[in-house]
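Asks: Encoded as structure tokens, here's the structure I'll be asking about.
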Amino acid sequence: MRGRVFNLAMGLTHATEAIAAILLVAIILMNVAQVFFRYVLVDPLSWSEETMRYSTTWMVMLAGSAALFRGEHMVISLFTSVRSPLFRRLVHLSVLTCIAGFCLLLIWEGFPAAINNMRQVSPATRIPMTIPYMAIPVGASLMLVKVLCLMILPEDALQREEIEENRP
């Protein structure tokens with residue numbers, strides 16, 4: 001079962017990283033295009049800043065879920081040097097429980113906020129504001145899935161996988 005959980009979490013992580021990378025490239029291209037149109041052609045694009053803002057929100061929420069699973073977020077390592085594996089595991093689970101609670105709050109408040117803004121459209125791109133608002137609950141849902149996977153998996157599951165991938 002842990003193998004399936006790990007494969008699910010890694011599959012989601014790779015997918016969200018790929019989408020976030022595509023969004024990053026799109027944001028960079030939009031920014032370059034905006035600079036070119038504004039300063040070379042002296043005819044700025046009306047939609048680029050707004051689109052970059054919404055794309056950045058989606059990129060951060062998607063990449064944040066991948067970073068959470070990989071343990072790449074900033075942490076306070078106060079109890080990591082404690083010798084007791086049970087105590088370290090309890091601290092790890094309590095941190096994950098707090099993160100899960102925050103994700104549930106974002107989901108609980110985020111979906112209604114997105115749905116309530118369905119009739120509102122963005123000024124420049126004329127897309128429903130539900131699309132940018134959905135970044136928060138969707139990203140929080142992905143984070144929650146990965147937190148639950150991390151609760152099931154042993155703490156060093158990612159490290160073991162990296163070691164096995166780097167073996168000749």
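Asks: Report, by chain and number, residues whose modeled amide H sits under 5 Å from the one on Val121, excluding near sequence neighbours (fewer than 5 apart, same chain).
Replies: Met129
Asks: Please determine, in degrees from 0 to 90 and to the nearest 10, the orientation of helix 2-35 with respect to the longest principal axis defined by the Cα atoms of the chain, where the helix direction is its Cα long axis.
Replies: Orientation of helix 2-35: about 30 degrees from the principal axis.
Asks: What 222 nm value per residue comes from the helices of the chain, counting each DSSP H run with n ≥ 4 as -39,500 (n - 2.57) and dividing by all residues, nearest 500 deg cm²/dmol?
Replies: My calculation for the chain gives -25000 deg cm²/dmol from helical runs alone.
Asks: Further question on the same structure: What does the net charge come to around Met30 if you take all other residues with beta carbon closer than 15 Å to its beta carbon, with K and R at +1 and D and E at -1?
Replies: 0
Asks: Follow-up question, since we're still on this one. Treating only the Cβ atoms of Lys and Arg (+1) and Asp and Glu (-1) as charged, compute the dipole magnitude of the chain about its Cα centre; round to the nearest 20 debye.
Replies: That gives a dipole near 340 debye.
Asks: His14 to Ser84: FRET efficiency via 1/(1 + (r/R0)^6), r the Cβ-Cβ distance, R0 30 Å, to the nearest 0.05?
Replies: Here the calculated transfer efficiency is 0.30.
Asks: Can you tell me which of 30-37, 47-54 comes out highest on packing, and rank the rest after it, using the mean Cβ neighbours within 10 Å?
Replies: Taking the mean over residues of other Cβ atoms within 10 Å, the ranking is 47-54, 30-37.
Asks: Over the chain, what number does the Rg to Rh ratio reach, with both radii from the alpha-carbon atoms and Rh per Kirkwood?
Replies: Answer for the chain: 1.08.
Here, each number is a calculation from the coordinates, and none is a lab measurement. Note that this is a predicted model, so its numbers are computed, not measured. Methodologically, a virtual Cβ is constructed for each residue, glycine included, from the backbone with ideal geometry; neighbour enumeration extends over all protein chains shown.
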